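To keep things clear, I will list the structure first and then write my remarks on it.
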Amino acid sequence: MARSQWGSRLGFILAAAGSAIGLGAIWKFPYVAATNGGGAFLFVYLGICLTLGLVLMVSEMALGRAANAGAVGAFRRLAGGFWPVIGYMGVLVCFLILSFYSVVGGWTVAYIVKSLQGSIMTSDPKALGAIFSGFISDPVQPVLYHGGFALLTLAVVVGGVQKGIETLSKFLMPALFALMLVLIARGLTLPGAIEGVGYFVAPDFSKVSAAMLVDALGLAFFSLSLGLGIMITYGSYVGRESKLVSSALWVIALTVATCFLAGLMVLPAVFAFGFDPSAGPGLTFITMPAVFAHLPLGQLFAVMFFCLLLLAALTSSVSLLEVVTSFAIDELRLSRRAAAVLMAAGTFLLGVPASLSLGVWGDYQLFGMNFFDLLDFVTSKLLMPAGELLLALFVGWKAWPAVRGELSSGRSPRIMRCMRGFCMALAPLLIGWIMVAGIGG
């Protein structure tokens, strides 16, 4: 069976960027950056993305194209032995993340409905907190919305690489940026908004510490979709004529731009009305609706905001489902439709107890965590960094000839040696540091 390919380089870049630009860019990056030194954090984050992040992203893409295979097949074809375990870890992480990510994606759909109904148009954060808590703890509604979001994701992946993922990305990514710019323009007109901009971009180098560097490293890996097998899978669909380094630079540029725009979208409005900028994920479903309630045409802007969240969630969930679908196609020899349906059904079923653990099953805990938080911890603190650490070692010590063959055209031997050195030693050390700090935290 001939392997699918992207129809254009632009389609590949937008799809890869869509994978990286998820809910985390909207609800996590602004408050992490603002509480870690603002412009100082932005500088460190950008530096990590353009060095370590770029090397690892290009390496993943090169592995996929060199092997012409997905997350597991790439390691088997290029080395065999123990190494395919890294691919299996990537597939498992995508499966686990999608199960609870789809639950959160369902929340965005629900809040579009609530915005249209006007039921969240109140300026009282306590009332909004009660609405949000009541919703996520309900045993039925979140599961139904989780199922609806899963069906949206499935519909795109069943359509295939070009007709499904690429077509969607070419539509959703410009729409996402357009919505962000509209919301930014509105927020910047509010009295007191400039204070929020200053809080976000003004550098506070006193906040530079080991903890801040760990936050920046972890957020860089998370926001660039590294350690999941996504870039390996997407790289396997790239034709030989495409330049991987420049494509990866475009993906990173779009991801960083989105994170920066998210800060400009959220923080000025939050400051204008005196809300807490360090509220974390609560900014999304509690603080921001209170902000919109203060605005003329606030209901319209609330609908636009949650549509924006849905677009960001969908572009990421599609990439997660594509990894496990590609695995089922390659390893189980299923058709794309059967593979996508099977994997979507599996992630939906696993997402049900994740949703219920925020309500009626909240008393059932393991290692002091409910099932939702446990899935998040295992994937983000253990499996993702461990997979990326092993992948860096694999590139530097085992598969370097294949990676070099994909990248060396027109590049100096010195640059290639530096890149290999990153993978052989520096990347594993830094990722190991993130793991230890993350588990300890």
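The values are calculated or read from the model by the stated rules, or taken from the named source; none is laboratory data. Computed from a predicted model, the values in this text were never measured in an experiment. So basically every Cβ, Gly included, is an ideal-geometry build from the backbone, and we count neighbours across all protein chains shown. The accessibility values were calculated without ligands, DNA or RNA, using every heavy atom of the protein model including side chains. Shrake-Rupley method; radii C 1.70, N 1.55, O 1.52, S 1.80 Å.
Overview of values
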read-out: Per residue value of the accessible surface for region 10-80 (all protein chains in place, 1.4 Å probe), Å²; value: 22 Å²
read-out: Residue-span extension gain [Leu116 to Val182] - 0.36 nm each, minus C-alpha spacing; value: 21.9 nm
read-out: Cleavage-rule hits (trypsin sites (Lys or Arg not before Pro)) in region 188-290: DSSP loop, at most 12 neighbouring Cβ within 10 angstrom; value: Arg240
read-out: Cys418 accessible area, 1.4 Å probe, all protein chains in place, Å² to nearest 10; value: 80 Å²
read-out: Translational diffusion of region 115-193, µm² s⁻¹ [Kirkwood Rh, Cα pairs; Stokes-Einstein; 20 °C; 1.002 mPa s]; value: 133 µm²/s
read-out: Reach of Lys170 by Cα under 24 Å, taken over lysines that are not fewer than 8 positions away in the same chain; value: Lys243
read-out: Using a Förster distance of 35 Å, the FRET efficiency for Ala210-Leu151 (Cβ separation, nearest 0.05); value: 0.20
read-out: Region 297-441 - accessible surface per residue (Å², probe 1.4 Å); value: 45 Å²
read-out: Under the Karplus curve 6.51 cos²θ - 1.76 cosθ + 1.60, θ = phi - 60°, whole-Hz ³J(HN,Hα) for region 381-393, x wherever Gly or Pro sits; value: 9, 10, 5, 4, x, 5, x, 5, 4, 5, 5, 4, 4
read-out: Heavy-atom accessible surface of region 259-405: percent carbon and sulfur, 1.4 Å; value: 67 percent
read-out: For region 280-439, the Rg and Dmax computed from alpha carbons only, in angstrom; value: 21.6, 60
read-out: Rounded percent of accessible protein surface that carbon and sulfur make up, region 86-223, 1.4 Å probe; value: 71 percent
read-out: Whole-number accessible area per residue in Å² for region 121-270, which is evaluated in the context of all protein chains at 1.4 Å; value: 39 Å²
read-out: Per residue convex hull volume, Cα atoms of the chain, in Å³; value: 134 Å³
read-out: Region 5-77, accessible surface, carbon-and-sulfur percent (1.4 angstrom probe); value: 61 percent
read-out: Partner lysines for Lys126 [C-alpha distance under 28 Å; skip if fewer than 8 residues away on the same chain]; value: Lys28, Lys114
read-out: When the convex hull of its Cα atoms is projected in every direction, mean area for region 55-211 (nm²); value: 14.9 nm²
read-out: Cβ-derived FRET efficiency at R0 51 Å, Cys418 paired with Val360, nearest 0.05; value: 0.40
read-out: Listed residues Trp250, Trp433 arranged by accessible area, highest first, probe 1.4 Å; value: Trp250, Trp433
read-out: Sequence of Tyr111, Tyr88 from largest to smallest accessible area, 1.4 Å probe; value: Tyr88, Tyr111
read-out: Segment Lys398-Leu342, length gained on full extension (0.36 nm per residue, minus Cα span); value: 16.8 nm
read-out: J(HN,Hα) series, region 136-153, from Karplus relation 6.51 cos²θ - 1.76 cosθ + 1.60, nearest Hz, glycine and proline x; value: 5, 8, 5, x, 10, 4, x, 5, 5, 5, 4, x, x, 5, 4, 5, 4, 4
read-out: Probe 1.4 Å - accessible area at Leu151, Å² to nearest ten; value: 110 Å²
